Amino acid sequence: MQPVKDIKLTKNTTIKQLISEFNESGGFVAKKVADGAIIFEKMLDDKKCIKFLSFPAAIIATGCRGIVKDLVKNKLVDVIITTCGTLDHDLARRWKDYYHGSFDMDDAKLRKKGINRLGNVLVPNDSYGIILEKKLLPIIESIHQKQQVLSTRELCYEIGKRLDDEDSILYWAAKNNIPVFVPGITDGSVGSQIWMFRQKHPDFMIDVFKDEQELAAIVFDAKKTGALMIGGGISKHHTIWWNQFRDGLDYVVYITTAPEWDGSLSGARVKEGISWGKVAANASHVTIEGDATVLLPLVVGNVL
């Protein structure tokens, strides 16, 4: 029996010390954050482990883009599985700013002003579709001249190596040769730009089965696998789906805001994946309920 202890903070408390205080405090989600930080650290220390990072696009519209970038820059992950919107936000913010807003703003007025609202983040048209069309199409043209059929992993690499921006996730992924897979590549502005480019260049193709072949090779060759998964949807499912073919993930840290009672994948706790063979029965795992923009900096900050 471990006694519950009070959290003690000082003006010099570090993130690592705070996580240690959470571990001693026995406080609901705080304890889960501590467990997640410990599991993530164990995953990083296990040299036999291939480390997956999955996340949806929304957090890349926020300052958490910097947290993900640091994970990639410091080679703390080996494989990324994400959504098309991640490419949208990572690239758009390379050229234009997003802005602070409020959940309570008048959306009809924002529409008239050409401003899109993503929660409490404001994304003007000039900072999104317009700038992506202007800047991305020349990049796609350059890629097309070299290669006509690409996997999404190859597309992300080719875009990343053409960027000169150390704040970009794609830049560091290309520089560190960390594969980025986007199974839902058409579901976003970058996908739309590719579709528009293909109207005049019908030989330009995205081969998603080539991605699956690469993922199969990664999973089948891995001695152990682990995953830091933020949010649900296709990113989470593609990560756990492929890992069922090697009897499941060995380490899992999952951050979600989704409820479990509606049966959704996003709300499914990690332990449900054990019944499918997507998580190993003896895996170190935790599901942390809460907003990733608060929790992810704590889990990652503990190791950085």
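Output the residues belonging to segment 140-164 that are among the polar types (S, T, N, Q), touching a residue at least 60 places away in the same chain (Cβ under 8 Å) and surrounded by fewer than 20 Cβ atoms within 10 Å (Cβ to Cβ). Of everything in segment 140-164, nothing turns out to be among the polar types (S, T, N, Q), touching a residue at least 60 places away in the same chain (Cβ under 8 Å) and surrounded by fewer than 20 Cβ atoms within 10 Å (Cβ to Cβ). Looking at segment 251-272, is at least one residue in contact (Cβ under 8 Å) with a residue 12 or more places away in the chain, under 19 Å from Lys69 (Cβ atoms) and either crowded, with 21+ Cβ neighbours inside 10 Å or more than 19 Å from the chain's Cα centre (by Cα) (or both)? Yes, segment 251-272 contains at least one residue that is in contact (Cβ under 8 Å) with a residue 12 or more places away in the chain, under 19 Å from Lys69 (Cβ atoms) and either crowded, with 21+ Cβ neighbours inside 10 Å or more than 19 Å from the chain's Cα centre (by Cα) (or both).
Looking at segment 195-209, which of its residues are more than 25 Å from the chain's Cα centre (by Cα) and part of a helix (DSSP H, G or I)? Passing the criteria: Met196, Phe197, Arg198, Gln199, Lys200. At least 2 residues being more than 30 Å from Glu41 (Cα to Cα) and at pLDDT 95 or above is the threshold, and among the strands (runs of 3 or more DSSP E) wholly inside segment 76-190 those reaching it are 115-118, 121-124.
When Ala174 is tested against (1) in contact with a Gly (Cβ under 8 Å, 6 or more places away or on another chain); (2) touching a residue at least 24 places away in the same chain (Cβ under 8 Å); (3) among the aliphatic types (A, V, I, L, M), just one condition goes unmet, and that condition is (2).
Anything in segment 16-62 that is in a helix (DSSP H, G or I) and among the aromatic types (Phe, Trp, Tyr)? List them, or say none. Break it down stepwise before answering.
Pass one, segment 16-62, residues in a helix (DSSP H, G or I): 16-25, 28-45, 58-61.
The answer is Phe22, Phe28, Phe40.
Restricted to segment 176-230, and to residues there that are out of contact with any Ser or Thr (no Cβ under 9 Å at 6 or more places or on another chain) and basic (Lys, Arg), the residue that is surrounded by the most Cβ atoms within 10 Å (Cβ to Cβ) is Lys224.
Does Asn302 qualify as being over 19 Å from Phe22 (Cβ atoms) and either aromatic (Phe, Trp, Tyr) or crowded, with 22+ Cβ neighbours inside 10 Å (or both)? It would help to see each step written out before you state the result.
Values: over 19 Å from Phe22 (Cβ atoms): no; either aromatic (Phe, Trp, Tyr) or crowded, with 22+ Cβ neighbours inside 10 Å (or both): yes.
No.
Could you grab me the full set of residues in segment 56-95 that are basic (Lys, Arg), closer than 18 Å to Asn120 by Cβ and assigned by TED's automatic domain parsing to the domain that holds Ile115?
Quick first cut of segment 56-95, residues basic (Lys, Arg) only: 65, 69, 73, 75, 93-94.
From what is left, the residues that are closer than 18 Å to Asn120 by Cβ are 65, 93.
Within segment 56-95, just Arg93 meets the criteria.
Annotation note: of Ile60, Ile39, Ile15, the sole residue that is at pLDDT 95 or above and within 30 Å of Ser189 (Cα to Cα) is Ile60.
The C-beta contact set for segment 210-222 (first residue modelled with pLDDT of 95 or more, second residue among the polar types (S, T, N, Q), distance under 8 angstrom, 6+ apart or interchain) comprises Lys210/Ser151; Asp211/Ser151; Asp211/Thr152; Glu214/Ser151; Val219/Thr225; Val219/Asn243.
Hey, does segment 224-240 have a residue that's free of Cβ contacts under 8 Å to residues at least 24 places away in the same chain and out of contact with any Lys or Arg (no Cβ under 9 Å at 6 or more places or on another chain)?
First pass over segment 224-240, keeping only residues free of Cβ contacts under 8 Å to residues at least 24 places away in the same chain: none.
Checking segment 224-240: not a single residue is free of Cβ contacts under 8 Å to residues at least 24 places away in the same chain and out of contact with any Lys or Arg (no Cβ under 9 Å at 6 or more places or on another chain).
In segment 99-139, of all residues being aromatic (Phe, Trp, Tyr) and loosely packed, with under 13 Cβ neighbours inside 10 Å, the one that is farthest from Asp164 (Cα to Cα) corresponds to Phe103.
The values are calculated or read from the model by the stated rules, or taken from the named source; none is laboratory data. These figures come from a predicted structure and were not determined experimentally. Ideal geometry is used to build each Cβ from the backbone, glycine not excepted, and the neighbour counts take in all protein chains shown.
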